[in-house]
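Visitor: Sharing a structure here in structure tokens format.
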Amino acid sequence: MEGVINKSIKVNKYHVKNRIVMPPLVCFNWGDDEGFEIVSRAKHYGDRAKGGTGLIIVEATAISKDCRITDTGLGLWKDQHIRQFERIADSCHPEDSVVILQLVHAGMKSVGKNVYSSSNVEVKDKECLEMSLAQIKKVKEDFVSAAIRAKKAGLDGVEIHGAHGYLLSQFTSKVINKRNDIYGGSLDNRLRLPIEIVKEVRAAAGDDFIICYRFGVNDPTLEEDRYFAKELEKLGVDILNVSSGIGAENITVPEDYPFSPITYMGTEIYKEVDIPVICVYGIKEPKQAEYLLENEMIDMVAVGKGLLADPNWTNKAINGEDVNVCFHCSPWCKYGKDGKTCPWYGK
Ligand SMILES: Cc1cc2nc3c(=O)[nH]c(=O)nc-3n(C[C@H](O)[C@H](O)[C@H](O)COP(=O)(O)O)c2cc1C
């Protein structure tokens, strides 16, 4: 059925078949301490691909052992990790979904007692020290090596995690980054690390490999975000996935704006660049996605918890059927706890 959702869009050399994106969603407690899955992801992602999702962004995956978000998260810091991502690619590609992988360094939010960030930061129960230039160089190399492994696994690209207060946010943010060298101070200096990573991943992975950037907004201001978005576009980033940054709680939204502040920032970044932009947050029902697309407020819409609650969300939206509407369990997504206790399962 033709409609705003079911319209293809070009991302790099790929024609993504529709406008719905599965944003990265960690499957908590589905892995071991070495970055390997203990619960297979192939069916989990394959089901969302079968359900019609155009673009799937596989969950945050650590580029080295010492920078993980959780101690059960996936890793891609060694060749032995490649096979688990091959299985994901193989389960999604036959359904004609484009599939990329989010790569992350958690910086001061990494598991462990001794962690590193752009600067010395006070973190509860941890010692967080400023990264040396040698450590920064290693971070860049690790992003590149993981991206090459993602390519070997048959994935169509990577998303570099620059949001949610993880390492790259900690470099771009004026609040955290107090460095006195070329990686701190002016805006261009604070953007240097993510820019170098994008450049090096592009050089190593080639022009036809999708590079998406998970963009953290209000980090610290929308004006700086606009500049950064344009810089990423100039560098050849293929797609921006706009989410929260370190200053996200201070976003002001026009009174009659019908979506969340994070969605709002996505629709603002969309106005700045010509590459595809994804917005996210709280989009539970197809009519919300249709509104954003119909009114040309965004290129693509990410449905996170909605796709956990209903793997067939996209096909149902395209066919005008009712979806399982996520209950937004509080304080934390019950699917996200273990993949089993979402109220929609067993119904
Ligand atoms: C269980 C769970 C896991 C998540 N994991 C990630 C992740 O790996 N990387 C990331 O950038 N965001 C992650 N997020 C944030 C989502 O990508 C998304 O931005 C957020 O859920 C808001 O969208 P929604 O309201 O459609 O769910 C996660 C969110 C949840 C609920």
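Visitor: Ignoring any ligand, DNA or RNA, what whole percent of the accessible area of the range 229-342 comes from carbon and sulfur when the probe is 1.4 angstrom?
Guide: C and S fraction of accessible area: 45 percent.
Visitor: Keeping all protein chains in place, calculate the accessible area per residue for the range 9-338 (probe 1.4 angstrom), answer in Å².
Guide: On a per-residue basis, 39 Å².
Visitor: Mind ranking 312-324, 13-25, 160-172 by how tightly packed they are, going by the mean number of other C-beta atoms within 10 angstrom, highest first?
Guide: 160-172, 13-25, 312-324
Visitor: Now, a different point. Are there any trypsin sites (Lys or Arg not before Pro) in the range 254-305 that are in a DSSP loop and have at most 13 other Cβ atoms within 10 Å? List them by number.
Guide: Within the range 254-305, the qualifying trypsin sites (Lys or Arg not before Pro) (loop, at most 13 other Cβ atoms within 10 Å) are LYS271.
Visitor: Are there chymotrypsin sites (Phe, Trp or Tyr not before Pro) in the range 47-140 that DSSP marks as loop and that have at most 14 other Cβ atoms within 10 Å, and which are they?
Guide: none
The values are calculated or read from the model by the stated rules, or taken from the named source; none is laboratory data. Quantities reported herein were computed from a predicted structural model and do not represent experimental measurements. So basically every Cβ, Gly included, is an ideal-geometry build from the backbone, and we count neighbours across all protein chains shown. Only protein heavy atoms, including side chains, enter the accessible area calculation; ligands, DNA and RNA are left aside. Shrake-Rupley method; radii C 1.70, N 1.55, O 1.52, S 1.80 Å.
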